[in-house]
Amino acid sequence: MNDSSESDRSPRESTPGNSPFDWTNLTTCHLLDRVQSGDERALEEIVARYLPRLKRWASGRLPRGARDVVDTDDLVQDSFIKVARSVGGIRDRKPGTFPAYLRETVLNRLRDEARRASRRPGAMPLDGTELHPCPSPLEETIGHELSDRYESAFLSLSDDDRAILFLRIEMGMSFTEIADALDRPSADAARMAVNRAGIRLAREMSDARQR
Amino acid sequence: MEPAVWAAADLIFTGREAEWDRMPMAIPLDQRPVIQELRSIAVVVAAHAENQEIPLGLGPKPELAGGVWGPLEIIELIGTGAFGDVYRAREQRLDRQVALKIYHPHRLGPSLMTSDVIEEGRLLAKVRHPNVVAVHGAEHCDGRVGIWMDCIEGETLEDRVNEHGPFNAMDAMTIGLDLCRALTALHEAGILHRDIKARNVMREADGRVILMDLGISCEMERETPVRQYGTPLYAAPEVLLAGESSRQGDIYSLGVLLYYLVSGRYPISGATLADIRSAHAAWRGDSLSSVCPDLPEDFVGIVEKALAVSRFERFTTAAEMEQNLIASLKRCGGRSHFVHADRPGQSQTDDQQAQNHYLLGRSFWRQRAKGGLPKALECFQEAVARDPDFALAYLGISQCLTLISYWQFMRPRDGFAAARAAAERALALDPGLGEAHGSLGCVHMCLDWDPVAAEREFERAIQLDSQSVFSGTWYALLLSSAGRHGDALSMARSRRELNPASLVIAIDAIVLSHAGRLEEALEIFQLGLKGDPESVAHHNHMGLAYLLAGDSARAESCLRNAFKFSGGQEAWTVGMLAMLLAQSDRGDEARQLIAHLDELGTRRYVSAFSRMVPWIGLGRDDKGVALLEEAIDERDPYLIWMKSIGDRLPGIMAPGYVDCMRSAGILGHR
């Protein structure tokens with residue numbers, strides 16, 4: 001969604017003269033493979049692609065009261081690198097595995113930290129629910145009810161659907177970036193996949209409401 | 001997928017939720033909860049976007065912000081490539097979505113001039129073929145050069161292979177058939193594609209395969225190639241090693257594509273361009289039979305001939321390769337996934353030969369040309385002869401017969417009756433076949449003259465298969481014939497959006513001309529004529545449009561063109577032209593055409609309607625009314641229009657004709 005992030009580079013464009021060992025031209029999947037084989041330059045490239053937005057995303061998920069006591073940047077960076085190193089080694093990994101696993105891992109770490117922060121002296125009191133020690137900026141904006149319905153429908157989706165919606169809705173990636181991240185052949189193919197996944201999410205939410 | 005749901009999702013995920021009010025209002029009840037939840041998701045999207053501090057939507061690039069480039073309104077950026085950016089845009093005058101490719105200024109220079117791109121666009125705009133993306137124009141505006149074409153919705157073959165693995169040989173062969181036809185159309189227009197690859201071929205939901213990205217094609221006679229090659233893995237050895245482009249270079253790339261479709265691999269691979277070049281030089285390739293030993297020998301032979309190292313050993317033309325694929329498809333066994341994808345469930349067949357005939361029939365059907373229909377019909381008939389319980393093949397028969405009857409290749413009463421029997425058989429085997437209801441709707445409309453029953457069938461058809469161009473097109477005709485022009489136009493335009501290639505039929509222009517919106521109709525017809533200046537159908541429709549608008553002189557000119565390009569073989573054209581001549585006191589010429597019609601009738605079916613109209617022009621109501629009675633008995637499909645346009649056709653609403661039509665129920669009073 002960020003216009004300035006659009007470059008002249010097309011995902012997996014294999015025009016003549018492009019060296020496949022130009023890191024900026026490799027897809028996320030290829031970079032993860034290289035990370036697994038110990039290529040630090042590939043890790044740097046993948047960090048550059050994801051981390052700034054992941055940090056902003058994480059800051060929106062952390063309750064305001066916990067922000068002062070949790071170093072979000074360190075937490076996110078630490079989780080990110082662990083996931084990048086471990087996902088590369090998964091056999092038969094699909095393109096969606098990395099983003100889906102990344103979201104889950106960082107969210108769990110954030111919740112742990114928020115709980116920990118709430119137990120510290122002088123911290124804000126818990127309101128009785130584990131999930132909502134106090135609202136995050138995101139929950140403040142959209143409300144608990146919608147936040148819960150969205151999250152629970154989101155978790156019922158496949159890895160691939162979660163991955164693509166995470167990248168588009170939550171990380172704000174452009175379709176070109178998503179095509180690159182998820183090995184889709186074009187931005188338009190990514191757009192269609194986002195639409196399909198979004199409709200499945202809406203159906204889940206609708207079904208849950210009727211149950 | 002329900003179009004309203006898809007449209008809502010597209011608005012939200014492309015960051016255009018503000019345009020919500022432009023959503024169609026007619027959302028089916030069962031889809032409303034899903035759309036409501038999509039709106040909830042839009043709230044989540046907006047909250048995250050705010051958190052990320054970014055604007056919603058991929059949006060137009062800053063330099064195109066403001067939304068207008070030449071004749072186009074920019075909607076959004078949908079992709080970037082090495083040569084430029086691709087935008088979704090709208091041709092404002094025609095209210096039609098297109099894909100606009102704007103070249104990066106730094107990509108233009110001595111080897112690729114602005115004039116080259118414009119020239120290329122001009123050339124490509126001449127090619128109109130169902131399997132080639134239609135290019136509509138090229139311009140140089142605001143310092144940027146761009147080319148715009150149909151916006152195709154579907155998946156690329158690369159997508160398909162990535163998501164579902166390689167195709168089986170049968171499916172690859174049917175794709176190969178369509179691509180051979182696409183290549184033949186390009187080559188006959190003097191154009192080489194030069195970048196055939198799985199990512200440049202789209203497959204629509206109805207199975208139509210479209211060759212895309214003509215951006216690096218070039219004229220065959222051009223001395224210096226604009227660019228040397230497309231994607232190295234698909235490039236023929238002589239292209240990579242010596243920069244020699246030719247038809248055989250395209251045929252080689254098609255061979256690579258077929259190889260990739262069935263194996264997920266390439267015959268020559270390498271990590272760098274140098275690797276690929278040296279592999280070619282040393283002929284270090286993997287034969288298809290060694291990579292996929294279980295493929296039919298015929299198919300392997302075709303792919304390997306296309307991939308011959310020497311271009312002189314490949315197929316001479318794409319048409320020759322197509323003929324080989326047809327022969328192979330008829331002989332080979334194997335199961336197609338397409339049959340399953342089209343209609344899972346009881347519609348399928350276990351008989352492999354029946355399935356092959358069906359696939360071949362669909363391939364002819366997708367040509368959407370009159371010449372393809374009898375061949376398609378024959379294939380579907382062979383399919384049911386092999387498997388009398390093959391629902392999809394009955395559907396194919398019924399669809400072919402509706403068009404054959406409407407276009408009067410046979411007596412409509414017989415054709416529509418046979419179409420009904422085939423549709424009913426298809427529905428007995430599989431009640432969920434939406435297009436069979438569409439076919440029945442057409443029969444109710446044209447044979448039974450029962451618009452209420454027809455509309456019921458069309459509604460059912462659209463309910464079961466909302467994306468059907470077939471059902472929607474007939475439905476638009478029904479609405480138009482009933483004078484419901486607004487509804488007809490909405491339906492026609494929605495089908496055009498689903499299938500831009502339906503310019504071949506130009507249903508929206510027909511609806512517009514019946515609604516009296518001549519200028520808009522003419523603009524669409526003219527566009528179709530750009531692609532095929534000798535289209536008899538377009539000249540005929542334009543002739544009728546002028547006639548309805550009271551401009552007999554221009555109507556005559558169009559009909560004369562239609563006469564010329566059909567070689568005088570279209571009875572409707574001959575009849576209408578004779579009528580016009582007779583009405584302008586050129587009775588002798590009119591009588592010559594009547595004699596021509598009589599002669600035509602000794603060789604093939606000539607409708608009573610076509611024979612009737614000259615006598616209207618000559619004021620011979622005795623003969624005219626007798627032929628009208630015959631036309632009514634034949635169930636001539638043109639009669640369904642009399643209620644809505646009869647009063648604008650000079651002479652046909654004279655008392656004798658009106659009484660006759662009224663007693664038959666055509667004008668609404670039986």
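Miscellaneous remarks
- Scan of segment B:544-558 for residues that are in a helix (DSSP H, G or I) and either closer than 20 Å to B:M642 by Cα or among the β-branched types (V, I, T) (or both), ordered by number: B:L544, B:A545, B:Y546, B:L547, B:L548, B:S552, B:A555
- Condition check for B:S644: crowded, with 22+ Cβ neighbours inside 10 Å and either of a type in the set (S, T, N, Q) or in contact (Cβ under 8 Å) with a residue 60 or more places away in the chain (or both): no
- When restricted to residues that are buried (at least 17 other Cβ atoms within 10 Å of the Cβ) and part of a helix (DSSP H, G or I), segment B:349-374 contains 15.
- Scope segment B:156-202; condition within 14 Å of chain A (Cβ to nearest Cβ), more than 18 Å from B:L288 (Cβ to Cβ) and assigned to a helix (DSSP H, G or I); matching residues: B:E158, B:D159, B:R160, B:N162, B:E163, B:H164, B:R199, B:N200
- Consider segment B:639-668 and keep the residues that are in contact with an Asp or Glu (Cβ under 7 Å, 6 or more places away or on another chain) and part of a helix (DSSP H, G or I). The one that is nearest to B:Q583 (Cα to Cα) is B:G656.
- For segment B:435-450, residues that are crowded, with 20+ Cβ neighbours inside 10 Å and free of Cβ contacts under 8 Å to residues at least 60 places away in the same chain total 10.
- B:D389 meets the conditions (1) more than 24 Å from B:R331 (Cα to Cα); (2) in a loop (DSSP other than H, G, I, E, B) in every case but one. The failed one is (1).
- Residue match in segment B:459-470 (condition: among the aliphatic types (A, V, I, L, M), in a loop (DSSP other than H, G, I, E, B) and touching a residue at least 40 places away in the same chain (Cβ under 8 Å)): no
- Candidate set from segment B:603-631 (those that are of a type in the set (A, V, I, L, M) and under 13 Å from B:C660 (Cβ atoms)); member that is surrounded by the fewest Cβ atoms within 10 Å (Cβ to Cβ): B:A626
- Scanning segment B:431-451 for residues that are aliphatic (A, V, I, L, M) and part of a helix (DSSP H, G or I) gives B:A436, B:L440, B:V443, B:M445.
Condition check ((1) of a type in the set (A, V, I, L, M); (2) at the interface with another protein chain (Cβ under 7 Å from one of its Cβ atoms); (3) touching a residue at least 40 places away in the same chain (Cβ under 8 Å)) across all residues:
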| position | (1), (2), (3) |
| --- | --- |
| A:L165 | yes, no, no |
| A:E170 | no, yes, yes |
| A:S174 | no, yes, yes |
| A:L182 | yes, no, yes |
| A:A197 | yes, no, yes |
| A:L201 | yes, yes, yes |
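- Residue pairs meeting the criteria (Cβ under 6 Å; at least 6 apart or on separate chains; first touching a residue at least 60 places away in the same chain (Cβ under 8 Å), in segment A:91-112; second surrounded by 15 or more Cβ atoms within 10 Å (Cβ to Cβ) and basic (K, R)): A:A100/A:R162
- Residues in segment A:141-159 that are assigned to a helix (DSSP H, G or I) and at the interface with chain B (Cβ under 9 Å from one of its Cβ atoms) were compared, and the one that is farthest from A:L62 (Cα to Cα) is A:A153.
Here is a yes/no grid of residues against (1) acidic (D, E); (2) modelled with pLDDT of 85 or more; (3) part of a helix (DSSP H, G or I):
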| residue | (1), (2), (3) |
| --- | --- |
| B:A501 | no, no, yes |
| B:A509 | no, yes, yes |
| B:L512 | no, yes, yes |
| B:G516 | no, yes, no |
| B:E523 | yes, yes, yes |
| B:L527 | no, no, yes |
| B:P533 | no, no, no |
| B:H539 | no, yes, yes |
| B:M542 | no, yes, yes |
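- Boolean, B:G137 is in contact (Cβ under 8 Å) with a residue 24 or more places away in the chain, surrounded by 23 or more Cβ atoms within 10 Å (Cβ to Cβ), within 24 Å of B:E73 (Cα to Cα) and not hydroxyl-bearing (S, T, Y): no
The values are calculated or read from the model by the stated rules, or taken from the named source; none is laboratory data. Quick caveat: nothing in here was measured; it's all calculated off a predicted structure. Positions of Cβ are backbone-derived with ideal geometry, glycine not excepted, and every protein chain shown enters the neighbour counts.
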